[in-house]
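*Asks:* The structure follows.
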Amino acid sequence: MEIKAVKTYENGFITQGAAFGGEEGMDAFDSNIKYRASIQNYLIDTGDEVILVDTGFPEEMPDPEYNENMAAYNGERISDYLTAFKKLGYDVDDVTKIIVTHKHGDHTGELRKFPNAEVYISKTDADALGLKGDNIIPVEFKDNPYKNFPKSEKIMDGIYFIEAPGHTNGNCIVIVEKDDLYYMIHGDITYTDEALYADRLSIVFEDIPKARQTQNMVLEFIRNNPTVYLSTHTPLGPENLENKYVIDLENPPESIYPE
């Protein structure tokens with residue numbers, strides 16, 4: 001089994017206020033401090049199946065004009081999602097499944113490009129998007145608990161879909177078991193790893209109390225299981241993946257700040 005990053009934006013930034021301000025508010029933090037930002041989604045090649053986790057922004061979405069006073073800037077678009085996906089050596093027809101962490105457009109924008117893939121998404125977010133079709137699988141998390149997470153759905157051996165509400169009411173994470181490590185593809189639990197180490201909520205959209213409960217469970221999982229944390233909005237995601245870097249909450253690495 002192999003996990004790969006599908007990279008679409010690089011050289012962006014997110015302010016500390018946006019990265020840390022989900023509970024106290026953005027103004028409680030120093031927005032002159034900026035962390036590195038990017039956008040990438042992930043692909044799981046099991047050897048028998050090609051599974052996407054999220055599908056990036058829609059190709060036609062215009063990029064916002066850069067402004068240094070923005071709370072968050074995704075960075076420069078280096079590729080549309082489909083081109084970045086194909087550069088990894090795959091074609092549309094190779095994809096058998098897509099697992100959607102949540103309903104936002106930077107995670108669902110190109111679902112339409114893979115009409116033959118089964119799409120696993122929480123029923124809550126599927127209903128919110130009005131997703132219908134024979135290939136849409138609205139997940140209600142009827143399998144056993146997974147570790148300390150109370151609700152899960154087993155996609156296949158070694159790949160688990162975990163209910164993790166807060167950022168959206170139907171938010172989820174994906175955990176891949178590989179080589180005695182747990183790869184957590186978490187969507188937007190945090191926007192940058194610095195927020196994870198500091199135990200701060202990044203700005204959330206729908207339910208702050210549930211987001212806090214979810215983050216508490218994520219932190220508990222990481223403390224008890226060797227976890228590689230794969231983010232969507234920071235280059236630390238693909239860097240952690242490449243280096244098989246196991247999160248040590250007591251010893252955060254020194255931040256590399258954007259230029």
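*Asks:* Quick one: in segment 93-108, of everything that is crowded, with 21+ Cβ neighbours inside 10 Å and of a type outside the set (A, V, I, L, M), which residue is farthest from PHE205 (Cα to Cα)?
*Replies:* Applying the filter and picking the extreme gives LYS97.
*Asks:* Follow-up. Determine whether HIS233 is touching a helix residue (DSSP H, G or I) at 6+ places or on another chain (Cβ under 7 Å) and either without any contact (Cβ under 8 Å) to a residue 24 or more places away in the chain or not acidic (Asp, Glu) (or both). Lay out the reasoning, then the answer.
*Replies:* Values: touching a helix residue (DSSP H, G or I) at 6+ places or on another chain (Cβ under 7 Å): no; either without any contact (Cβ under 8 Å) to a residue 24 or more places away in the chain or not acidic (Asp, Glu) (or both): yes.
When the stated conditions are applied, HIS233 does not pass them.
*Asks:* In addition: Restricting the search to segment 213-225, which residues are within 13 Å of ASN171 (Cα to Cα) and surrounded by fewer than 16 Cβ atoms within 10 Å (Cβ to Cβ)?
*Replies:* If the condition is that a residue be within 13 Å of ASN171 (Cα to Cα) and surrounded by fewer than 16 Cβ atoms within 10 Å (Cβ to Cβ), then GLN213 is the only one that fits.
*Asks:* When you check PRO64 against the structure, is it farther than 24 Å from GLU254 by Cβ, out of contact with any strand residue (DSSP E or B) (no Cβ under 6 Å at 6 or more places or on another chain) and buried (at least 16 other Cβ atoms within 10 Å of the Cβ), yes or no?
*Replies:* Against the criterion (farther than 24 Å from GLU254 by Cβ, out of contact with any strand residue (DSSP E or B) (no Cβ under 6 Å at 6 or more places or on another chain) and buried (at least 16 other Cβ atoms within 10 Å of the Cβ)), PRO64 does not qualify.
*Asks:* Next up: For segment 1-53, what are the residues that are assigned to a loop (DSSP other than H, G, I, E, B) and crowded, with 23+ Cβ neighbours inside 10 Å?
*Replies:* Of everything in segment 1-53, just one residue is assigned to a loop (DSSP other than H, G, I, E, B) and crowded, with 23+ Cβ neighbours inside 10 Å, namely GLY22.
*Asks:* Please find, among ILE247, ILE203, the residue that is under 23 Å from VAL6 (Cα atoms), touching a helix residue (DSSP H, G or I) at 6+ places or on another chain (Cβ under 6 Å) and not polar (S, T, N, Q). Show your work before the answer.
*Replies:* Details: ILE203 fails: under 23 Å from VAL6 (Cα atoms).
Of the residues listed, the single one that is under 23 Å from VAL6 (Cα atoms), touching a helix residue (DSSP H, G or I) at 6+ places or on another chain (Cβ under 6 Å) and not polar (S, T, N, Q) is ILE247.
*Asks:* Here is a follow-up. Suppose we filter segment 91-100 for residues that are assigned to a helix (DSSP H, G or I), free of Cβ contacts under 8 Å to residues at least 40 places away in the same chain and out of contact with any helix residue (DSSP H, G or I) (no Cβ under 7 Å at 6 or more places or on another chain); how many remain?
*Replies:* Residues in segment 91-100 being assigned to a helix (DSSP H, G or I), free of Cβ contacts under 8 Å to residues at least 40 places away in the same chain and out of contact with any helix residue (DSSP H, G or I) (no Cβ under 7 Å at 6 or more places or on another chain): 1 in total.
*Asks:* For segment 207-225, give me each residue that is in a helix (DSSP H, G or I), without any contact (Cβ under 8 Å) to a residue 60 or more places away in the chain and under 21 Å from GLY22 (Cα atoms).
*Replies:* Of segment 207-225, the ones in a helix (DSSP H, G or I) are 208-224.
The next check asks that each one be without any contact (Cβ under 8 Å) to a residue 60 or more places away in the chain; those that pass are 209-210, 213-216, 218-219, 222-223.
Scanning segment 207-225 gives PRO209, LYS210, GLN213, THR214, GLN215, ASN216, VAL218, LEU219, ILE222.
*Asks:* Another question, if that's okay. Cβ-Cβ below 6 Å, separation at least six or inter-chain, first residue in segment 68-90 and polar (S, T, N, Q), second surrounded by 15 or more Cβ atoms within 10 Å (Cβ to Cβ) and outside any loop (DSSP other than H, G, I, E, B): which pairs?
*Replies:* ASN74/TYR9; ASN74/GLY12; ASN74/ILE39; SER79/THR8
*Asks:* If we keep just the residues of segment 67-83 that are aliphatic (A, V, I, L, M) and touching a Gly at 6+ places or on another chain (Cβ under 8 Å), which is surrounded by the fewest Cβ atoms within 10 Å (Cβ to Cβ)?
*Replies:* Among those that are aliphatic (A, V, I, L, M) and touching a Gly at 6+ places or on another chain (Cβ under 8 Å), it is ALA71.
*Asks:* Please specify each residue of segment 232-254 satisfying the condition of being outside any helix (DSSP H, G or I) and surrounded by 15 or more Cβ atoms within 10 Å (Cβ to Cβ).
*Replies:* Hits for segment 232-254 are THR232, HIS233, THR234, PRO235, TYR245, ILE247.
*Asks:* Taking segment 165-184 as the search range and keeping residues that are among the β-branched types (Val, Ile, Thr) and touching a helix residue (DSSP H, G or I) at 6+ places or on another chain (Cβ under 9 Å), which one is surrounded by the most Cβ atoms within 10 Å (Cβ to Cβ)?
*Replies:* Only one residue tops the list, namely ILE173.
*Asks:* Only one residue in VAL204, VAL228 is crowded, with 17+ Cβ neighbours inside 10 Å and either part of a loop (DSSP other than H, G, I, E, B) or at pLDDT below 95 (or both). Which one?
*Replies:* Selected residue: VAL204, the only one of VAL204, VAL228 that is crowded, with 17+ Cβ neighbours inside 10 Å and either part of a loop (DSSP other than H, G, I, E, B) or at pLDDT below 95 (or both).
*Asks:* Let me ask something else. Give SER152, SER202 a once-over and let me know the one that is without any contact (Cβ under 8 Å) to a residue 24 or more places away in the chain and among the small types (Gly, Ala, Ser).
*Replies:* SER152
*Asks:* Take segment 115-145 and flag every residue that is closer than 22 Å to LEU201 by Cβ and touching a strand residue (DSSP E or B) at 6+ places or on another chain (Cβ under 6 Å).
*Replies:* Residues of segment 115-145 closer than 22 Å to LEU201 by Cβ: 122, 124-125, 128.
Listed by number, the list holds a single entry, SER122.
*Asks:* In addition: Given (1) modelled with pLDDT under 95; (2) in contact with a Ser or Thr (Cβ under 8 Å, 6 or more places away or on another chain); (3) surrounded by 15 or more Cβ atoms within 10 Å (Cβ to Cβ); (4) more than 21 Å from GLU23 (Cβ to Cβ), identify the lone condition not met by GLY187.
*Replies:* (4)
The values are calculated or read from the model by the stated rules, or taken from the named source; none is laboratory data. Note that this is a predicted model, so its numbers are computed, not measured. A quick note on method: Cβ atoms are made from the backbone with ideal geometry, for glycine too, and the neighbour counts reach across all protein chains shown.
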